[in-house]
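Engineer: If you scroll down you'll find the structure; I have some questions about it.
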Amino acid sequence: MRRRIDVLVCSGAACVSAQSAAVRAALEREIDARNLHDEIRLVETGCMGPCELGPVLLVYPDGAFYIRVAPEDAGEIVEEHFLKGRPVRRLLWESPDARRIAEGKKQVPFFEKQHKTVLSNCGEIDPESIEEYIAAGGYEALGRALTESGPQKLIETIIASGLRGRGGAGFPTGVKWRFVAQESSPVKYVVCNADEGDPGAFMDRSLLEGDPHTVIEGMQIAAYAVGATHGYVYVRAEYPLAIKRLKHALAQARASGLLGPNVLETDFSFDIEVRIGAGAFVCGEETALIASIEGERGIPRTRPPYPSSSGVFGRPTLINNAETWGNIRHIVLNGAEWFSSIGTSKSPGTKVFALSGKVSNTGLIEVPMGTTLRELIYDIGGGIPDGKALKAVQTGGPSGGCIPAEHLDTPIDYESLQELGAIMGSGGVIVMDEDNCMVNIAKYFLEFTCDESCGKCVPCRAGTRQMLNILDRITKGEGRPSDIERLHSLAETVVETSLCGLGRSAPNPVLSTLKHFGDEYRAHIEEHSCPAKVCTALIRFVIDAETCKACDKCRPVCPVTAISGTPGTPPYRLDAEFCVRCGRCAEICPFGAIHIETGPVKRDI
Amino acid sequence: MKLEELRQIRERASKELTLRKGDARVRVVIGMGTSGIAAGARDVMAAFLDEISTRNLTDVVLTQTGGRGLASSEPVVEVHVEGEHTVVYGRMTADRARQVVVEHLVNGNAVSDLVIEVRE
């Protein structure tokens, strides 16, 4: 009997953490119990995007999209929906009307504005099935490249497409290919940089988990174009699921004659090895990554020579980011013109973003370049939860910067973001609301880069430490009037004199917050006040004598017994000297009688 | 594997993804409310699935819906052919289902004596 329903169970890492495997098992049991296993197929897919709402299920052909499914829901879904044809409304996104359910997930605003190219298979096919990848058009681009195009034409196509590196710097991909192709070495390498280390970034991981073959195919096409015979995927050990699925995909491709000697029975031979990194942020820098592949300690070296002439083991090496590789097969299949018609003229194509922070729909998304931050955060991200106001958007992780709310209509492309003091980066987007202290945010990112600095060059090793010390004292209310100027001059030195991109971009979060949120720095230094009421040294909890009902809820939760009072006899008292500012009293107070104050203590005279 | 073999695999395997494409020419919707099931809608569905599968009709998808209040005519089946009126069949049986697949889905002629409604 023919199958009539495909149930796609998201098995991206976020849904896996939310127990998607248990949901899958429960569905399987319920389907078996009703003897429906011939009619219904369960498929595990990669990330579908809305990670916040996991585990999610997508049911075809009607396209119903279930969110936050628990194993206990499986019986109802199978009985009501799969057997009787009535989708379980309480689990559907937004409980749309019947017509919308029938029309599928594209009607959900989160998906409606997206333009999935690199992620077109992610969440739609089983990443562990090479047949499904082939059915979705996989390896056709490789086949055409090997039999029809020829290396020269492939490089010209990639140059003409205008594709730029998706790792963040935005260097024209095709030009890089040409550099490597022009080298006359008998041994050349192709490398996939999947050493994604930015806090809040999960684009490369999701791509490798959801559609590993697409990365493999991109690397193969490039290897053929530049004359490489060996490839490496450098991926961090923190990504066990991505590594597992990638290795599985490589083995499948090898077994099918799509990877290894004489690919597709042509003269082209190429194989890929997985190199697992120990999770040092600096290994995302290409020269450090190469050192790590060679078995050396992952520290960068000066360039030139660039990897295109002297990379892995001193051989010409082509390094591209995982998402860049994910674009290649689409360009080969659809042509350079098709690609450059998407996005903006200087930044063509789409970009994958990992949306996180204070936004309703956190998750993985893909939009055309030139989409505005407002569309990203409000239309796709669903806006800021709890009715709070958006304050800033952080792009590019620790190397990027904060963009204030007034620049929300900036189109996202490499140049526009740079003008604002941020960078495109690899695609991490962190949304901040009024409760985020920008000085504290800058400190957080600098802590990260300071910690991850490899220590080879002084400006990065010592400069970031000195900047961090200054930020630390500012957030403790011990800032000095000269600190802002000192931060500026230190930042300038670190940017100009650091050896590699890590140091050169590390001051960005500080510089961009100084530029756009200078008032907050001054408030910390001059008034000892934290306007967002975050920095614990600058805030105090106060019980409002008028509102307090002496209900005695706050007193027992205080971990340091700083609250005293008699039940029924308001007001309670909070001893600021003992208070550790954990905020538990304010959280539990049913009357909102405990609030936070900052700045100098106001006394009635 | 040669490129031609790859394309053959694609041909075969693409059937696996038909349901997910959402570009089917024909959509058959079976009323599977309580009264529909009581009147034998499961058998009707099984017959549809079997016949569609035997004839290898890759552009047909089968979905279900709840009861539509036509209890006296159950099992009820709607056939949506792209660009044509929706045809509703009533009092379906497994045999009639097979008849609808052959005459309506394949040959393009609605089985008029089973039709209970035609909608724009």
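FYI, it's all coordinate maths here, none of it is from the lab. All values reported here derive from a predicted model rather than from experimental measurement. Cβ placement follows ideal geometry from the backbone for every residue including glycine, while neighbour counts extend to all protein chains displayed.
Engineer: Evaluate the relative contact order of chain B (contact order divided by residue number), counting alpha-carbon pairs under 8 angstrom at least 6 apart; express in whole percent.
Structural biologist: Here the relative contact order equals 27 percent.
Engineer: Which of the listed residues, B:T93, A:L499, A:I328, is farthest toward the dipole's positive end in the protein assembly as shown, when Lys, Arg count +1 and Asp, Glu count -1 at the beta-carbon?
Structural biologist: Among B:T93, A:L499, A:I328, the one farthest towards the positive end of the dipole of the protein assembly as shown is A:L499.
Engineer: About its Cα centre, what dipole magnitude does the protein assembly as shown give when the only charges are +1 on Lys and Arg Cβ and -1 on Asp and Glu Cβ, stated in debye to the nearest 20?
Structural biologist: 860 debye
Engineer: Show me A:499-506, A:373-380 ranked by packing, highest mean number of other Cβ atoms within 10 Å first.
Structural biologist: A:499-506, A:373-380
Engineer: Please report how far the C-alpha centroid of region A:1-67 lies from that of region A:357-400, rounded to the nearest whole angstrom.
Structural biologist: Between the Cα centre of region A:1-67 and that of region A:357-400, the gap is 28 Å.
Engineer: Simple spin-label model, 7 Å along Cα-to-Cβ: B:R119 to B:H85 in nm?
Structural biologist: 1.4 nm
Engineer: Would you work out which of A:N440, A:F353, A:I588 lies farthest towards the positive end of the dipole of the protein assembly as shown? Charges go on Cβ: Lys and Arg +1, Asp and Glu -1.
Structural biologist: Final value for the positive-end residue is A:N440.
Engineer: Right, next: Would you list A:I155, A:I221 from fewest to most Cβ contacts within 10 Å?
Structural biologist: Lowest count first: A:I155, A:I221.
Engineer: Using alpha-carbon pairs under 8 Å, 6+ residues apart, how would you state the relative contact order of chain A in percent?
Structural biologist: Answer for chain A is 11 percent.
Engineer: If you wrap a convex hull around the Cα atoms of region A:130-339, how much volume per residue is inside, in Å³?
Structural biologist: Values: hull volume 23.5 nm³, N = 210.
Value for region A:130-339: 112 Å³ per residue.
Engineer: Taking the Cα centre of region A:449-605 as origin, sum charge times position over the Cβ atoms of Lys and Arg (+1) and Asp and Glu (-1), and report the length of that vector in debye to the nearest 20.
Structural biologist: Around 280 debye, computed over region A:449-605.
Engineer: Rank these for me by crowding, A:W325, A:W177, going from fewest to most other beta carbons within 10 Å.
Structural biologist: A:W177, A:W325
Engineer: Can you tell me how the protein assembly as shown classifies by the Cα gyration tensor, rounded, prolate or oblate, using a/c under 1.5 as the rounded cut?
Structural biologist: Oblate, since a/c reaches 1.5 and b/c is not below a/b.
Engineer: Tell me which of A:L408, A:G428, A:M369 sits at the most positive position along the dipole axis of region A:350-433, charges placed on C-beta atoms (Lys, Arg +1; Asp, Glu -1).
Structural biologist: Result: A:G428.
Engineer: Same structure again: Between the alpha-carbon centers of region A:269-328 and region A:129-185, tell me the distance in whole angstrom.
Structural biologist: About 18 Å separates the Cα centre of region A:269-328 from the one of region A:129-185.
Engineer: Would you list A:S498, A:S564, A:S340 from fewest to most Cβ contacts within 10 Å?
Structural biologist: Lowest to highest Cβ neighbour count: A:S564, A:S340, A:S498.
Engineer: Find out how many positive minus negative residues lie around A:T266, taking Lys and Arg as positive, Asp and Glu as negative, among other residues whose Cβ is under 14 Å from that of A:T266.
Structural biologist: -3
Engineer: If you put +1 on each Lys and Arg Cβ and -1 on each Asp and Glu Cβ, how big is the dipole of region A:5-111 around its Cα centre, in Debye rounded to 20?
Structural biologist: Roughly 280 debye for region A:5-111.
Engineer: Further question: For A:R164, which sequence-distant residues (separation of 5 or more, or a different chain) have an amide H within less than 5 Å of its own amide H, given hydrogens modelled in the peptide plane?
Structural biologist: Residues meeting the criterion, in which the H sits 1.01 Å from N, are A:T173.
Engineer: Further question: Obtain the radius of gyration and the Kirkwood radius of region A:7-166 from its C-alpha atoms and give Rg over Rh. Before the final figure, lay out each step's value.
Structural biologist: Details: Rg = 18.6 Å, Rh = 17.4 Å.
Rg/Rh: 1.07.
Engineer: Could you grab the relative contact order for region A:71-226? Cα pairs under 8 Å, six or more apart, rounded to a whole percent.
Structural biologist: Over region A:71-226, the number comes to 25 percent.
Engineer: A further question on this structure: Using the alpha-carbon atoms, what tilt in degrees (0 to 90, nearest 10) does helix A:20-33 show relative to the longest principal axis of chain A?
Structural biologist: So the helix axis and the longest Cα principal axis differ by about 60 degrees.
Engineer: Here's something else I'd like to know. Roughly what % antiparallel, to the nearest 5, for the DSSP beta bridges in chain A?
Structural biologist: If we restrict to bridges inside chain A, about 55 percent are antiparallel.
Engineer: Same structure, new question: If I take R0 = 45 Å and measure r between the Cβ atoms of A:T569 and A:E526 in this structure, what FRET efficiency does the formula 1/(1 + (r/R0)^6) give, to the nearest 0.05? Please list the in-between numbers first.
Structural biologist: Working: r = 40 Å, r/R0 = 0.90.
With a Förster radius of 45 Å, E is 0.65.
Engineer: Further question on the same structure: Report the antiparallel proportion of the DSSP beta bridges in region A:5-111 as a percent, rounded to a multiple of 5.
Structural biologist: Antiparallel: roughly 55 percent of the beta bridges in region A:5-111.
Engineer: Given the -39500 (n - 2.57) contribution per DSSP H run of 4+ residues, what per-residue ellipticity at 222 nm results for the protein assembly as shown, rounded to the nearest 500 deg cm²/dmol?
Structural biologist: The helix contribution divided over the protein assembly as shown gives -9500 deg cm²/dmol.
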